[in-house]
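All remarks here apply to the structure that follows.
The values are calculated or read from the model by the stated rules, or taken from the named source; none is laboratory data. The structure presented is a predicted model; accordingly, all values stated were derived computationally and were not measured. Cβ coordinates were reconstructed from backbone atoms using ideal geometry, including for glycine residues, and neighbour counts include every protein chain displayed.
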Amino acid sequence: MEEVLPTRFVAPTRRKRSTKRKTVPLTLWMKAEMKAELQSLANKDGLSLSKFGGTLLTEAIHQELHILHTSLMQPIIESAIRKQMGLIITRLTWLLVRIAYDTGQTRTLVTNILDHILGSDQTKVAQILAGSSDIAKRNITRQTPQIQTLIAEVENWMREEGNTHD
């Protein structure tokens, strides 16, 4: 015959914890009035103190991480902007120097040709140069199809990465 153990000798079953739980316990020490305020806020939202405190700490940590990432991103963004500005400055400098050189050389040639053709009539040379100055000023803002095409080509060139100014 089998012996039956009395119920007082049966080992109690342990309560199993959920394997789905992704949280761990945390103990904090704080002033009593702060705990009371936390409890009041938790009650207002219909949450347990544990759930409310965990959510509050999670949000605070996310905010701190966001601030940290923001402060780390600023130098990266500034470096990228500086690099792009350097490319633009190089290209604009190249264009300006070329324009200044060509303009100076052309002005010198035209003035010498006018002096040679007109001889000693310096008033006529001055009138021609003044007239050409007025026309040049008007043409700065004038958009012709030829100028629009050139502007588009220069803009494309300015946007290209790593292109040299051949």
Could we say that Lys51 is closer than 30 Å to Arg159 by Cβ, assigned to a helix (DSSP H, G or I) and without any contact (Cβ under 8 Å) to a residue 12 or more places away in the chain here? no
For segment 85-143: of the residues being of a type in the set (Ser, Thr, Tyr) and over 29 Å from Glu160 (Cα atoms), which is modelled with the lowest pLDDT? Ser120
Please work out which residue is farthest from Trp157 (Cα to Cα), limiting yourself to segment 83-130 and to residues that are charged (D, E, K, R) and loosely packed, with under 11 Cβ neighbours inside 10 Å. Asp102
Has segment 74-94 got at least one residue that is closer than 22 Å to Leu26 by Cβ and either among the charged types (D, E, K, R) or part of a helix (DSSP H, G or I) (or both)? no
From the list Thr106, Thr93, exactly one residue is within 40 Å of the chain's Cα centre (by Cα) and of a type in the set (Val, Ile, Thr). Which is it? Thr93
Any chance Ala60 is over 30 Å from Pro25 (Cα atoms) and surrounded by 10 or more Cβ atoms within 10 Å (Cβ to Cβ): no
Output for segment 29-57, where each listed residue is basic (Lys, Arg) and surrounded by fewer than 10 Cβ atoms within 10 Å (Cβ to Cβ): Lys31, Lys44
What do you reckon, is Glu78 of a type in the set (D, E, K, R), free of Cβ contacts under 8 Å to residues at least 24 places away in the same chain, closer than 30 Å to Trp157 by Cα and surrounded by 10 or more Cβ atoms within 10 Å (Cβ to Cβ)? yes
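So that you can scan it fast, the table gives a plain yes or no per residue for (1) over 29 Å from Gly131 (Cα atoms); (2) not in a loop (DSSP other than H, G, I, E, B):
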| site | (1), (2) |
| --- | --- |
| Met30 | yes, no |
| Gln39 | yes, yes |
| Ser71 | yes, yes |
| Ala100 | no, yes |
| Leu114 | no, yes |
